[in-house]
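All remarks here apply to the structure that follows.
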Amino acid sequence: MSYLKFDKSLMINLEQSLPKEMLRTNKSGAYHCTTIVGCNTRKQHGLLVIPIPEMDDKAHILLSSLDETVIQHGAPFNLGLHQYGDSIFSPNGHKYIREYSCDTVPTVTYRVGGVILTKEKIFISHENRILIKYTLVEAHSETKLQFRPFLAFRNANDLCMENDVVNKDIRPVDNGIATCLYNGYPELYMQFSKPAEWISDGHWYKGIEYYKDKNRGIPYKEDLWVPGYFEVPIKKGESIIFSASTFECDPKEFEQTYTGEIATRTSRTSFYNCLKNSAKQFYLKNRSGMYIMAGYPWYRVRSRDELIALPGCTLAINHKDDYVTIMDTFLAALRNLIDNGKEDKVISELDLPDIPLWVIWAIQQFRRTDGTSACREKYGSEVRRIVDDIRNGRIRNLSLDDNGLVRTDGRVTPVSWMSASIGGKPIIPRTGYIVEFNALWYNALCFLNSLYDAEPDERHYCAEIKALADKTKESFISTFLNEYGYLYDYVDGSYTDLEVRPNMAIAIGLEYSPLDRRQRKRILDLVTRELLTPKGLRSLSPKSFAYTPSYVGNPTEREYAVHQGPARPWLFGFYADAYFKVFGVAGLSFIERMLIGYEDEMTEGCIGSLSELYDGNPPYAGHGAVSTAKNVGEILRTLKNVKEINKLQNSELYTR
């Protein structure tokens, strides 16, 4: 039984099938993203979308889509699907779909009369190249396939309009053609595993619409250039492979390349395997190092997102070597910023004040896997340098006060993950003492002390760090813990922010919390009552007058709403940590039940992955980036913790 499988009844119902998207990446920044019926519904959708470093740091769509047509007895049956207006779709190829599955590779099965045709797509790792394999499973008469490429050659966040500067030249290559619509772009090579006839028949297909963008209140119509079509005969039982890439390939090697790439794939046959597969799709490897992309289809590498996602997207899926490589790349960039003031070309938002604190948290997760000695040997000196940099005022916009708390200025520019802004001004001006910053700071001090407290030569240093941690703990409690039993979100002078937000869950979920068990339980109970949903923690309590549960409307409306109620799955990782700290093994069944809400998402939104955020009220619809690293990473980390606690529980039961 396939884990990710959709039958004919769902596929031909566009209300059900169009919201479901799929994503494939090459682990070097390129991707393919569309709906499961092949109809692009947002401007970032495309069959071959690649970064072009020579132009900018954005993704660019070369090949938007490829329309297939089955020809029998001279009659064409077009399998493509495009939207041209409200409820106006053409050519309605979805009505021929009999099944869609995505266990190893996305596979669509079409039935046209007596013809059964399968289509499988796979992105080649670390190459700007996608392969599509067509197999004629059944046919009772001579069959031909036609392929019409819809070309864009544009920034993934822009739209294309009919113009006179498009380059319509076509260059023949082995079993295909090469073309480039505009100066500055690489050539697009479209080739087949067998000889294919190319028929030049150029047309603009005008007024293609993307309803997701229309609903977001942004431009949503474009024109795409179709230079002609390929025609290939195919026999029953035969497979044909189509290749789209930025370099010429040898058609004789298509089958071997396709087979070899499939062997590296994780079959998405379970909740865990879906998330593991999704996690690896965020990997980005280039000449500068290795990174984790924040999300698809529009985010690149963002510092905080990468650090939060890192343990789950590597250690939780037994990819320790990737953790080390990614962390080493990040630490080199951070050190270059602190010591030399140089921004990194790949990692954005590296200069935000809480980034060093998240680095230490991410390193702390390494210790849980490899132990204290290995962690101290590998990262101890870096943790020590970061703590000392904070103590000595070397971190931009992060100062240590005499009371042991760290302070930052977020009045003009957003400094925390709640970074929504209008005109550059933060909507939620979190400034002064921010609750998770100071919880992470206390955690960092205790973690550093634990790395070296057994070393005789470090007794004086550890005593110094412990004294600072004790001062920080006392100040944290007196500053943030209010008379209502929960934590202020931020404190700026005499102002205390009373809003119930999920950042307090981070404070009680850290390995070293400045709060005792009784205090943590009281806060946990409040978070459970007011913030917990099946899709993560709400960004604001429904009891607040500012609560806005739905992330809908035009860009300004969505920006105002983004941190005023919608839920984030990544925050559930800290909630689960806190729950286990308060209830121990007894909390296992509750956390396992809550994880069901995330497994339900494997067949919704971007299948096999988790969206950026979810509405705060039922039915908890997903929004934002269709696949997000920190959400996937934190749920994977929670799954790993659940597995370890299950083992502990079984071990204890066995020894009784």
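The values are calculated or read from the model by the stated rules, or taken from the named source; none is laboratory data. Quick caveat: nothing in here was measured; it's all calculated off a predicted structure. Heads up, the Cβs are rebuilt from the backbone with ideal geometry, glycines too, and the neighbour counts pull from every protein chain shown. Remember, those area values only see protein heavy atoms, side chains included, never the ligands or the DNA or RNA. Shrake-Rupley method; radii C 1.70, N 1.55, O 1.52, S 1.80 Å.
Has segment 28-49 got any residue that is among the polar types (S, T, N, Q), closer than 22 Å to Lys280 by Cα and at pLDDT below 95? Walk me through it before giving the result.
Looking only at segment 28-49, we keep the residues that are among the polar types (S, T, N, Q), and these are 28, 34-35, 40-41, 44.
Now drop any that are not closer than 22 Å to Lys280 by Cα, which leaves 28, 34-35, 44.
Filter once more, keeping what is at pLDDT below 95: 28.
Within segment 28-49, one or more residues are among the polar types (S, T, N, Q), closer than 22 Å to Lys280 by Cα and at pLDDT below 95.
If you go through segment 451-493 and keep only what is over 24 Å from Gln364 (Cα atoms) and surrounded by fewer than 15 Cβ atoms within 10 Å (Cβ to Cβ), you end up with Ser478, Asn482, Glu483, Tyr484, Gly485, Gly493.
Summed over segment 78-90, the residues that are touching a Pro at 6+ places or on another chain (Cβ under 9 Å) and either in a loop (DSSP other than H, G, I, E, B) or in contact (Cβ under 8 Å) with a residue 40 or more places away in the chain (or both) give a count of 4. Selection of first residues in segment 509-526 that are open to solvent by 30 Å² or more (accessible area, probe 1.4 Å) and of second residues that are at pLDDT below 95 and small (Gly, Ala, Ser), restricted to Cβ pairs under 9 Å at least 6 apart or on distinct chains, gives the following pairs, ordered by first then second residue: Arg522/Gly485; Asp525/Gly485.
The residues of segment 11-40 that are touching a Pro at 6+ places or on another chain (Cβ under 9 Å) and open to solvent by 10 Å² or more (accessible area, probe 1.4 Å) amount to a single one, Ser28.
Going through (1) modelled with pLDDT of 95 or more; (2) not in a helix (DSSP H, G or I) one by one, Ser267 falls short only on (1).
Looking across segment 63-77, the residues that are part of a strand (DSSP E or B) and open to solvent by 40 Å² or more (accessible area, probe 1.4 Å) come down to Pro76, Phe77. In this structure, Asn650 qualifies as in a helix (DSSP H, G or I), open to solvent by 20 Å² or more (accessible area, probe 1.4 Å) and not acidic (Asp, Glu). What number of residues within segment 418-441 satisfy the criterion of being touching a Lys or Arg at 6+ places or on another chain (Cβ under 7 Å) and either open to solvent by 20 Å² or more (accessible area, probe 1.4 Å) or free of Cβ contacts under 8 Å to residues at least 60 places away in the same chain (or both)? Residues in segment 418-441 being touching a Lys or Arg at 6+ places or on another chain (Cβ under 7 Å) and either open to solvent by 20 Å² or more (accessible area, probe 1.4 Å) or free of Cβ contacts under 8 Å to residues at least 60 places away in the same chain (or both): 2 in total. In segment 95-104 there is no residue matching the filter, namely being within 21 Å of Tyr283 (Cβ to Cβ), outside any strand (DSSP E or B), polar (S, T, N, Q) and open to solvent by less than 30 Å² (accessible area, probe 1.4 Å).
Please go through segment 527-548 and give me each residue that is open to solvent by 30 Å² or more (accessible area, probe 1.4 Å), hydroxyl-bearing (Ser, Thr, Tyr) and within 21 Å of Arg593 (Cβ to Cβ), ordered by number. Residue satisfying the conditions is Thr528 alone. Of all residues in segment 461-473, those that are under 12 Å from Leu400 (Cβ atoms) have Cβ atoms under 7 Å from Cβ atoms of residues that are open to solvent by 10 Å² or more (accessible area, probe 1.4 Å) and assigned to a helix (DSSP H, G or I), 6 or more apart or on another chain, in Thr472/Tyr442. Residue count for segment 215-236, restricted to those that are outside any loop (DSSP other than H, G, I, E, B) and either among the hydrophobic types (A, V, I, L, M, F, W, C) or open to solvent by less than 50 Å² (accessible area, probe 1.4 Å) (or both): 12.
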